[in-house]
1. Return only the number of the condition from (1) open to solvent by 60 Å² or more (accessible area, probe 1.4 Å); (2) modelled with pLDDT of 85 or more; (3) in a helix (DSSP H, G or I); (4) not aliphatic (A, V, I, L, M) that Pro48 does not satisfy.
2. Can you report the number of residues in the range 51-73 which are more than 30 Å from Arg25 (Cβ to Cβ) and either touching a helix residue (DSSP H, G or I) at 6+ places or on another chain (Cβ under 6 Å) or open to solvent by less than 50 Å² (accessible area, probe 1.4 Å) (or both)?
3. Working only within the range 15-32, note down all residues that are assigned to a helix (DSSP H, G or I) and open to solvent by less than 60 Å² (accessible area, probe 1.4 Å).
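The values are calculated or read from the model by the stated rules, or taken from the named source; none is laboratory data. Every value quoted in this text rests on a predicted model; they were computed, and no experiment measured them. Cβ coordinates were reconstructed from backbone atoms using ideal geometry, including for glycine residues, and neighbour counts include every protein chain displayed. To get the accessible areas, we keep the full protein, side chains included, count just its heavy atoms, and leave off ligands, DNA and RNA. Shrake-Rupley method; radii C 1.70, N 1.55, O 1.52, S 1.80 Å.
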Amino acid sequence: MIDFRKRFAAIIRNIKVRLSHLSYRTGIMLLVCCALCYIISFAQMALPISIGMKSGLWVLFFGLAKATQYSGLAVLGAKGLKSLIARRRR
């Protein structure tokens, strides 16, 4: 039987490695998408729709905001640090 924790840790490492290969610009775009998802998740409360639909939309957009936030930070963490070090050396 495969240990669930080891398998989950391997999946997370794989995702971090893949995200670290993305560009700095991609990280910025992910954070812009994050901000838009946060705005939509709360702005949709003003729409004249049912409470159930509002709850569903909030969960959807808030979840997307969190996913893009952590992905953007993972991308910027790898590339942002490298660009900061390169700028200091100039």
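1. (3)
2. Residues flagged as more than 30 Å from Arg25 (Cβ to Cβ) and either touching a helix residue (DSSP H, G or I) at 6+ places or on another chain (Cβ under 6 Å) or open to solvent by less than 50 Å² (accessible area, probe 1.4 Å) (or both) within the range 51-73 amount to 2.
3. Of everything in the range 15-32, those that are assigned to a helix (DSSP H, G or I) and open to solvent by less than 60 Å² (accessible area, probe 1.4 Å) turn out to be Leu19, Ser20, Thr26, Gly27, Leu30, Leu31.
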